1. I need the full set of residues from segment 27-44 which are assigned to a helix (DSSP H, G or I) and under 22 Å from Asp66 (Cα atoms), in order please.
2. Within segment 124-161, count every residue that is over 19 Å from Lys56 (Cβ atoms), of a type in the set (Lys, Arg) and modelled with pLDDT of 90 or more.
3. In segment 50-98, how many residues are among the hydrophobic types (A, V, I, L, M, F, W, C), over 30 Å from Lys142 (Cβ atoms) and not in a loop (DSSP other than H, G, I, E, B)?
4. List, please: which pairs have Cβ atoms under 7 Å, are six or more places apart or on different chains, and start with a residue in segment 43-66 that is touching a residue at least 60 places away in the same chain (Cβ under 8 Å) and at negative phi and end with one that is assigned to a helix (DSSP H, G or I) and open to solvent by 50 Å² or more (accessible area, probe 1.4 Å)?
Amino acid sequence: ANGLDESPVTIEEQEAKSVSHDITFRRNLVGEEDIRIGLSAIADNVAARLRRMELKCSTVQILIKDPNLKSISRQKGLETPSFLVKELAQAGMELIQASWDLRRPIRMLSLAGTNLLPAEQAAEQLSLFGTPAGIDRQREEKLEIAMDGIRERFGKGVIVSARLLKNDIGIDLKKPGKTDPIRKIISPDD
């Protein structure tokens, strides 16, 4: 009570329960294209952090705030645990389309990956018919892991989605400097 204890302070590491990112936009998002642009940037951040932590999420959660700061939160389970940008963004967009009038403005948007598990323990359902979905998924995972390595070495803005270029909603791409030798643009479908 007097602050006279001399025992060392210990810091206990706790396992992450979720990985999330949110953006309060420079202007309100209105319409599906604006929302997809904002959601794409947020999902990219969350997915990169999940990969860095070697985790996958089984549930995606969104939080939407309108200009009056009224908020809604929704969540959805994924068929297969994931740390892929496309899958997180797709699940987030499905939640928004199901629960939000796309003509209403959005001021802040958040996406979280919850129900986390180690990436090596994430099981995938194999297909009985056709090409195994796991092959394409493994390629995408390797691609995104390689992109993480390039971004870490040369800067975050060295590889960006084309839909994020010249955005006016307040997403900072951290453009590469003069010494950055690479800049790759990914198509809007990625």
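1. Residues satisfying the conditions are Glu32, Glu33, Asp34, Ile35, Arg36, Ile37, Gly38, Leu39, Ser40, Ala41, Ile42, Ala43.
2. Final tally of qualifying residues: 2.
3. Total satisfying the criteria: 4.
4. Every condition considered, the pairs that remain are Arg51/Ile145.
Residue by residue, here is whether (1) in a loop (DSSP other than H, G, I, E, B); (2) among the acidic types (Asp, Glu); (3) modelled with pLDDT of 85 or more; (4) open to solvent by less than 50 Å² (accessible area, probe 1.4 Å) holds:
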residue	(1), (2), (3), (4)
Glu6	yes, yes, no, no
Ile11	yes, no, no, no
Gln14	yes, no, no, no
Phe25	no, no, yes, yes
Val46	no, no, yes, yes
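The values are calculated or read from the model by the stated rules, or taken from the named source; none is laboratory data. Remember, predicted model here, so these are calculated numbers, not experimental data. Note that each Cβ is placed from the backbone with ideal geometry, even for glycine, and that neighbours are counted across all protein chains shown. Only protein heavy atoms, including side chains, enter the accessible area calculation; ligands, DNA and RNA are left aside. Shrake-Rupley method; radii C 1.70, N 1.55, O 1.52, S 1.80 Å.
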